[in-house]
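> Here you go, one structure.
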Amino acid sequence: MELHILEHSLKVASIEKEGIQICTHGLIKLAFLASKTRCKFFSLTETPEDYTIIVDEEGFKELPESEHISVADATWLALNVVSGGGNASSSQPIGVTKIAKSVIAPLADHNISVFMLSTYQTDFILVRERDLPMVMHTLSSEFTLLRVVNGETVAAHSLGVTNGFVKPKLVPRPIIHPLSSPSNMFCVTSLDPDTLPSVATLLMDVMFYSGGPKEPGASSEDSSHIRFFSFSLIEGYISLVMDEQTTQRFPNNVLFTSASGELWKMVRIGGQPLGFDECGIVAQISEPLATADIPAYYISTFKFDHALVPEENIQSVIGALRTNESTGQ
């Protein structure tokens with residue numbers, strides 16, 4: 001398989017809920033008027049805590065300076081696993097569980113922190129730019145390493161780093177963070193960019209204004225049903241993750257959904273905000289899922305991580321992860 005190192009230099013940032021109004025103009029431009037910007041990589045995810053934005057440096061210029069925006073340290077690069085040739089963003093998704101043992105676990109073993117963004121089309125593994133030499137050294141035996149330069153895919157050079165690395169000690173990765181599973185069921189979907197204008201008003205309402213449907217009688221503190229919505233526009237491809245009720249607000253035949261209409265349940269990782277320097281969180285979750293051959297999407301946000309698994313697998317997933325959790329205590 002090939003590992004593509006995309007050319008985008010990315011920023012990861014958090015926008016506080018109370019500060020979203022000052023960013024809305026820039027975010028709408030990035031999401032709906034991409035032709036008016038030079039941005040090629042944009043993702044916005046709302047959770048109960050905040051909005052997480054992943055955006056390239058051109059797109060980041062569209063946002064104002066504000067005390068409500070926190071930017072993660074360092075510049076990040078996106079890696080993409082491609083089975084065979086072809087354009088990375090248009091390839092069929094490999095699935096986070098399929099790359100758990102070949103990419104995520106080896107990086108965790110080498111103490112390299114990753115930030116995951118699964119989309120309808122593919123899975124992006126974000127690593128700090130400064131970690132790239134170690135990333136390439138770690139994965140070069142398993143993958144053909146390619147870099148995207150000015151839109152062209154070329155062989156990745158070793159960056160002149162050939163020795164001095166210590167072989168890691170392989171240790172078990174018990175789950176040390178609390179897990180929860182909201183009551184919502186989610187859809188991972190997409191739409192044709194040409195139809196974006198026809199649903200722009202609805203999408204803006206979902207993204208910024210409506211706050212999502214409320215469960216009858218649910219208080220704002222009710223953790224069984226959470227607010228989660230993710231929109232990505234990456235190299236011209238749109239990906240959406242939203243709960244089942246929100247999808248029902250869209251006109252028929254606008255969203256791409258599978259014939260089976262599959263729904264996904266969420267496992268939320270973290271009882272308090274996770275640190276960017278902590279390694280192995282994605283591996284702790286993805287490895288047991290890979291062992292059980294359960295497909296999953298995985299979305300990291302500024303404060304928490306989120307795994308989406310098929311609805312019918314949620315109980316076995318929770319059981320497997322809780323077993324892993326208890327063995328580490």
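> Output yes when any residue across the stretch 296-314 is part of a helix (DSSP H, G or I) and buried (at least 17 other Cβ atoms within 10 Å of the Cβ), and no when none is.
Checked against the condition, which is being part of a helix (DSSP H, G or I) and buried (at least 17 other Cβ atoms within 10 Å of the Cβ), the stretch 296-314 yields at least one hit.
> Oh, and also: Could you please find all residues in the stretch 269-281 being under 19 Å from Pro182 (Cα atoms) and in a helix (DSSP H, G or I)?
Step one: list which residues in the stretch 269-281 are under 19 Å from Pro182 (Cα atoms), which gives 269-274.
Matches in the stretch 269-281: none.
> Checking the condition at negative phi, crowded, with 20+ Cβ neighbours inside 10 Å, over 16 Å from the mean Cα position of the chain (by Cα) and not charged (D, E, K, R), which residue from Val82, Val71 passes?
After ruling out the rest, the residue left standing is Val82.
> Looking at the stretch 125-148, which of the residues that are open to solvent by 40 Å² or more (accessible area, probe 1.4 Å) and touching a residue at least 60 places away in the same chain (Cβ under 8 Å) is nearest to Lys11 (Cα to Cα)?
Glu129
> To continue, here is another question. Somewhere in the stretch 1-15, is a residue farther than 23 Å from Leu77 by Cα, touching a residue at least 24 places away in the same chain (Cβ under 8 Å) and either crowded, with 20+ Cβ neighbours inside 10 Å or more than 16 Å from the chain's Cα centre (by Cα) (or both)?
Looking only at the stretch 1-15, we keep the residues that are farther than 23 Å from Leu77 by Cα, and these are none.
No; the residues of the stretch 1-15 include none that is farther than 23 Å from Leu77 by Cα, touching a residue at least 24 places away in the same chain (Cβ under 8 Å) and either crowded, with 20+ Cβ neighbours inside 10 Å or more than 16 Å from the chain's Cα centre (by Cα) (or both).
> Name the single residue, out of those in the stretch 215-236 being farther than 16 Å from Lys17 by Cβ and open to solvent by 60 Å² or more (accessible area, probe 1.4 Å), that is modelled with the highest pLDDT.
Looking at the filtered set, the residue picked out is Glu235.
> Search the stretch 95-124 for residues that are of a type in the set (D, E, K, R) and pair each with any residue that is in a helix (DSSP H, G or I) when their beta-carbon atoms are under 9 Å apart and the residues are at least 6 apart or on different chains.
Short answer, once both residue conditions are applied: Lys98/Ala290; Lys101/Ser286; Lys101/Glu287; Lys101/Ala290; Lys101/Thr291; Asp109/Thr138; Asp109/Ala283.
> Those residues that are of a type in the set (Phe, Trp, Tyr) and either open to solvent by 30 Å² or more (accessible area, probe 1.4 Å) or in a loop (DSSP other than H, G, I, E, B) (or both), I need them from the stretch 237-268; list them, please.
Listed by number, the residues that qualify are Tyr237, Phe250, Phe256.
> Given (1) at pLDDT 90 or above; (2) among the hydroxyl-bearing types (Ser, Thr, Tyr); (3) over 14 Å from Ile5 (Cβ atoms), identify the lone condition not met by Thr75.
Single failed check for Thr75: (3).
> Are there any pairs with C-beta distances below 7 angstrom linking a residue in the stretch 33-54 that is more than 23 Å from Asp123 (Cα to Cα) to a residue that is open to solvent by less than 10 Å² (accessible area, probe 1.4 Å), with the two at least 6 apart or on different chains, and if so which?
These pairs meet every condition: Thr37/Leu30; Thr37/Gly59.
> Continuing with this model, one more query. Go through Glu49, Glu58 for me and flag whichever is under 20 Å from Phe229 (Cβ atoms) and open to solvent by 50 Å² or more (accessible area, probe 1.4 Å). Give the steps one after another, and end with the answer.
Numbers: Glu58 fails: under 20 Å from Phe229 (Cβ atoms).
Testing whether each residue is under 20 Å from Phe229 (Cβ atoms) and open to solvent by 50 Å² or more (accessible area, probe 1.4 Å) leaves just Glu49.
> Would you mind stating whether Lys36 is under 24 Å from Leu203 (Cβ atoms) and surrounded by fewer than 18 Cβ atoms within 10 Å (Cβ to Cβ)?
The answer is yes for Lys36.
> I'm told Ser66 meets every condition in (1) assigned to a loop (DSSP other than H, G, I, E, B); (2) of a type in the set (Ser, Thr, Tyr); (3) surrounded by 18 or more Cβ atoms within 10 Å (Cβ to Cβ) except one. Can you identify the failing condition by its number?
(3)
> Kindly indicate whether any position in the stretch 97-114 is modelled with pLDDT of 90 or more, part of a strand (DSSP E or B), crowded, with 16+ Cβ neighbours inside 10 Å and in contact with a strand residue (DSSP E or B) (Cβ under 9 Å, 6 or more places away or on another chain).
Yes, the stretch 97-114 contains at least one residue that is modelled with pLDDT of 90 or more, part of a strand (DSSP E or B), crowded, with 16+ Cβ neighbours inside 10 Å and in contact with a strand residue (DSSP E or B) (Cβ under 9 Å, 6 or more places away or on another chain).
The values are calculated or read from the model by the stated rules, or taken from the named source; none is laboratory data. Quick caveat, the model's predicted, so the values are computed rather than measured. Because the Cβ atoms are built from the backbone with ideal geometry, glycine has one as well, and the counts that use them run over all protein chains shown. Heavy atoms of the whole protein, side chains included, go into the accessibility calculation; ligands, DNA and RNA do not. Shrake-Rupley method; radii C 1.70, N 1.55, O 1.52, S 1.80 Å.
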